[in-house]
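The values are calculated or read from the model by the stated rules, or taken from the named source; none is laboratory data. Worth saying up front: this structure is predicted, and the values here are computed from it rather than measured. When we count neighbours, we look across all protein chains shown, and the Cβ atoms used for this are built from the backbone with ideal geometry, even at glycine. For accessibility, only protein heavy atoms count, side chains too; no ligands or nucleic acids. Shrake-Rupley method; radii C 1.70, N 1.55, O 1.52, S 1.80 Å.
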4 protein chains.
Amino acid sequence: MAHVLGQNQYGKAENRIVRVHRGSTRHDIKDLNVSVALSGAFEDVHLAGSNANCLPTDTIKNTVYAFAKRYGIESAEAYGILLARHFVDDTERGVVHRARIRIEEYTWERIRTPDDNARPVGSEEVGHSFVRSGQEVRTSEVVYDGESVQVVSGLKDLVVLNSTDSEFRGYLKDGYTTLREADDRILATQVTARWKYGYTGRGDEAQPPWNRCYTQVRRHLLEAFAGTYSYSLQQTLYAMGTRVLDHRAEVDEVRLELPNRHHFLVDLEPFGLENDNEVYYAADRMYGLIEGTVHREGVVPVIPVA
Amino acid sequence: MAHVLGQNQYGKAENRIVRVHRGSTRHDIKDLNVSVALSGAFEDVHLAGSNANCLPTDTIKNTVYAFAKRYGIESAEAYGILLARHFVDDTERGVVHRARIRIEEYTWERIRTPDDNARPVGSEEVGHSFVRSGQEVRTSEVVYDGESVQVVSGLKDLVVLNSTDSEFRGYLKDGYTTLREADDRILATQVTARWKYGYTGRGDEAQPPWNRCYTQVRRHLLEAFAGTYSYSLQQTLYAMGTRVLDHRAEVDEVRLELPNRHHFLVDLEPFGLENDNEVYYAADRMYGLIEGTVHREGVVPVIPVA
Amino acid sequence: MAHVLGQNQYGKAENRIVRVHRGSTRHDIKDLNVSVALSGAFEDVHLAGSNANCLPTDTIKNTVYAFAKRYGIESAEAYGILLARHFVDDTERGVVHRARIRIEEYTWERIRTPDDNARPVGSEEVGHSFVRSGQEVRTSEVVYDGESVQVVSGLKDLVVLNSTDSEFRGYLKDGYTTLREADDRILATQVTARWKYGYTGRGDEAQPPWNRCYTQVRRHLLEAFAGTYSYSLQQTLYAMGTRVLDHRAEVDEVRLELPNRHHFLVDLEPFGLENDNEVYYAADRMYGLIEGTVHREGVVPVIPVA
Amino acid sequence: MAHVLGQNQYGKAENRIVRVHRGSTRHDIKDLNVSVALSGAFEDVHLAGSNANCLPTDTIKNTVYAFAKRYGIESAEAYGILLARHFVDDTERGVVHRARIRIEEYTWERIRTPDDNARPVGSEEVGHSFVRSGQEVRTSEVVYDGESVQVVSGLKDLVVLNSTDSEFRGYLKDGYTTLREADDRILATQVTARWKYGYTGRGDEAQPPWNRCYTQVRRHLLEAFAGTYSYSLQQTLYAMGTRVLDHRAEVDEVRLELPNRHHFLVDLEPFGLENDNEVYYAADRMYGLIEGTVHREGVVPVIPVA
């Protein structure tokens, strides 16, 4: 019985790039991790040992760096679109049918004096000195198939915690249930979010303001988490997703993965101490994992399940 | 415009379990990391804050441990099938429509004297003393939707290296190509493999011998890697996939992810030394990433792209 | 020839604790990872299999949690001092001669609206909603030997970068030197710092304001890094250490470990592009590692070399 | 008050090197991670911004690779000694007073057929095809100060487990003790071991057979762990250390760090199941951490406490 080569792709992964934009009085930096995957007419590479259609991953890497110089990096999404279009449209003989660019972005703040956030550390220094900020990583994925562009942006490792206003009661019970109901618990999670833009890159459609969208989606996720009295992490997830759709018209689908970072109340009774929701053990594993998609009516969701 | 709850699932992830089977003269152990995800009638959990259909993840955890005692763990796959069927078939009111069980398995060897592999360390000791072996992790995923079972087994972190019999030449060149052709290079990769079994769990279909299948697929992957003169990692990937299909009738689809762990020849000329493929720098990043599926003709591949 | 039991210690490591201080209108949280190591009269535990002098690590864990309730956690250092004194002074029969408490602290910020940092997310929510902030981890180590206390505080994973004002020239050359001199390079490092306080805990000596000291030392490290034109990372290290000693009288020794996170200028000439210090490849390994101690004259340094 | 530069050192860390020894019918490989730290006359580098005495870390890296070609790598220890002597003895103007070489070694096995360990995968293939083996990493540290050499070898990440023959009873109890005594428990740990050789490198003293010593020390550690009925992990630690000293005359000090990887018996009574030491939950954190040194009488121990 014959064997068939199915879906396949290749590229250079984890190209670490720091791009300095050197202004006259101060610098700006972009710190990215860029992964490229190409699909196309690669049957002979696999089956016949012919590399005639194989653009080396080393060339892919060179392109990533050269484009950063040639076009600058205004946002990961805009830069990713340029790269994806290049690999499909410019590679000779039409061998590349589809390009996927994934980018992680690490954020930096300017170094300031902690006592006075408004005053920088001297006028000369602030221009070129940075400290890594935040826990979270900004993510983006651009796919281009020769016809249209699909952009899914996101974030990961955004860790949040509510120290009250969370309960978990009235759940289904079976012969393996021993959990006691909780009417006041810590709710904590490490948010992974991805959201798809309606942007298709066809015609003269304008690109959304990617950086501002990111900031605003992050804000709405945080505000929904903070502002929701939680009956379950599922309910909080849905509140977070709808909040984004309510406020950002550019987005038509949100996917969230929320591990429930359990905080267990420690039993201090044996030591004559009452523990009135004050002392918790933060567990690593096992953890509940809650995942879900919220999308606009009529939109076909595309973000895959992890 | 209304919002819609799309695909969603939840469960307990990373239940770490060690199961000891205590024989009269010696013990056996299974060391697993079990993650459960359930899909079903969970709209009200998300939208209405009602947990009436929510089986707590704590209950899921209890079930994982209780089943290990009740049924033992002959193989991760057989154990996963029992769990998946239970969550769908036994949960009341038919709230669970689909269960996915993912398991990582860590392998152990009995402690022996290194000088004499055939002779154990005294007759009493060998029975209960173990050392973690190998780099690789065995994986399995069982999905049950109330009708049929799908089993995708695999491995990850299997690191292999050929110190010769690999070249890379005749590739596509464009304006960003600077790579020089290589006629003798190190080929090294960290194999992630997943393979789908034809088994569907319908009727009285017998389960494949999961443990033997695993050992044999691993063997064929290694032999194909070692025995193939490589023109590209893509070509090696295809050889590995077909070798498995050729030898294991139970398997009808193989998906491989092969990061190209680059080993760069160090330039020692400035120090008056010739480097005849002897001294290499092993790079972490960036790396080529080669992915592909090989399947039997007529089979619809189901293993998702990462 | 007889064998001797040398230095030994044991304890419970990585007790993860979250302590909520519940104010009437808002909560505060401390998020710690506490490791305890005890030394003492443990010969019989090792040599005779007698546990009469062995306080179980489970008891040590219980104590860590109980003390968090009983005394609250004003700072990691003050809490560590209470724990260290307890294990030495309160354990019966004087079996514990020395206690070492190591604490990692993870920092959280209140969730606010990003558009207006001054305005919280509604008056109810802000009180109990937090997001993990910063990359760095605050560390502290308290040692008590029954007579005096030694406190070494620190931080790790503070990642900083100067995009200019760094050179490296005029270095020693030998037959293995190929490096070209750099008159404008990126200087980036991931700071690990430890500093010893003069505080001894004897008599009625007041404890330093630990939290304010931490904030200020961190500030001075950042300002010295940002404000120093660098001839080498060694010279920057010395500037950072002296800046702390100049400004914080409580500190008499500073130890710094500064991996040089190399950023290599990418050669874009083959593509007809000039790279005027704009596009860099951020390397993982190998890296320069620069370590050093700066201390006050007359002080005997105690922070060990890693 | 003046500030003083205390202990300082610098070098290139984590030089990843793969050395292929190409025999006529088969290859051998060494896979190392080499870190170099130099101490010496570096005051002006720190204080005056003068690099005249600073051998660049890039040069250090070049030397590591060049020596691998020039001298081959018979063992990590012998190679480390050559490097350490070179940096101190050969660097001009006597600026380097002390060199410390740390090496991690990753082990590989030849690829063989799993069904028949004695028969390789065809005569051609076996010669150059390898698979990473084992969990543990071999470590070594060589220090040379211009007069004598000190070699501390070791291993880490050797994970072992006894499924019985371990108890923990009769321990000290205080007001925070809630632990119940255990008469049959799992004992599991992840061994980090370091051992110092008596070898000093003075005169014409012959080097010990480093590779065989490593294999034998590892064997004795495993055998002692497996063969000891354990009253505490401390007692097992001492048994492991003395076993090495009893069998390897070259070694005069052993330091062990043994995290107690707790396996908790799961309570299955609520589900009508008895758990007769069969089903365990393997915890990540918190964990007991047991550390200790065993040395020959009259020897001054030098391996530092972590």
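Remarks
- Pairwise centroid distance, computed over Cα atoms, of segment B:265-297 with segment D:37-66, Å: 29
- Within straight-line cross-link reach of residue D:30, lysines at Cα separation under 16 Å, skipping those fewer than 8 residues along the same chain: D:69
- The protein assembly as shown: C-alpha gyration tensor shape, a/c 1.5 cut-off, then a/b vs b/c: rounded
- Three-way shape call for segment C:180-264 based on the alpha-carbon gyration tensor, with the a/c threshold at 1.5: prolate
- Average other protein chain Cβ within 10 Å of Cβ, residues D:187-199: 1
- Counting Cβ atoms of other protein chains within 10 Å of each residue's Cβ and taking the mean over peptide A:163-175 gives 6.
- Based on the reciprocal of the average 1/r between different C-alpha atoms, the Kirkwood radius for chain C equals 22.5 Å.
- Shielding by partners, peptide D:236-246 (average Cβ within 10 angstrom, other chains): 3
- Using a cutoff of 8 angstrom between alpha carbon atoms and counting only pairs six or more residues apart, the relative contact order for chain C works out to 12 percent.
- Helical segments meeting 15 Å axial Cα length and Kyte-Doolittle 0.0 threshold in chain D (DSSP H): D:76-90
- Modelled FRET efficiency - R0 45 Å, residue C:147 with residue B:215, Cβ distances, 0.05 increments: 0.15
- Rough spin-label spacing in nm, given labels placed 7 Å along Cα→Cβ, for residue B:249 and residue C:157: 5.3
- Cα lying deepest toward the dipole's positive end in segment B:156-306, options B:187, B:304, B:242, charges on Cβ: B:304
- Highest mean packing comes first when the peptides C:209-215, C:54-60, C:283-289 are listed by Cβ atoms within 10 Å, giving C:54-60, C:283-289, C:209-215.
- Straight-distance candidates among the aspartates and glutamates for linking to residue C:196, with alpha-carbon spacing under 13 Å and chain neighbours fewer than 8 residues away dropped: C:77, C:141, C:250, C:252, C:253.
- Carbon + sulfur, % of accessible area of segment C:1-156 - ligands and nucleic acids excluded, 1.4 Å: 43
- Label point distance in nm, residue A:21-residue C:26, each placed 7 Å from Cα along Cα→Cβ: 3.4
- In a fully extended conformation the segment linking residue B:90 and residue B:2 would gain 28.2 nm over its present Cα-Cα distance, using 0.36 nm per residue.
- All C-alpha pair distances within segment C:154-306, sorted into 10 Å bins from zero, spread as 10, 35, 30, 16, 7, 3, 0, 0 percent across the bins.
- As a calculated quantity, the FRET efficiency between residue D:200 and residue C:182 at R0 = 41 Å, using C-beta atoms, amounts to about 0.50.
- Cα gyration tensor, segment A:14-169 - rounded (a/c under 1.5), prolate or oblate: oblate
- For segment A:7-147, the residue among A:57, A:10, A:107 whose Cα projects farthest onto the positive side of the dipole built from Cβ charges is A:107.
- What the phi angles of segment C:38-55 give under the Karplus curve with 6.51, -1.76 and 1.60, with θ = phi - 60°, is a coupling list of 10, 10, x, 8, 10, 4, 5, 4, 7, 8, 10, x, 9, 9, 4, 9, 9, 6 Hz, glycine and proline written as x.
- With the simple model of a label 7 Å out from the Cα in the direction of the Cβ, residue C:277 to residue A:297 spans 5.8 nm.
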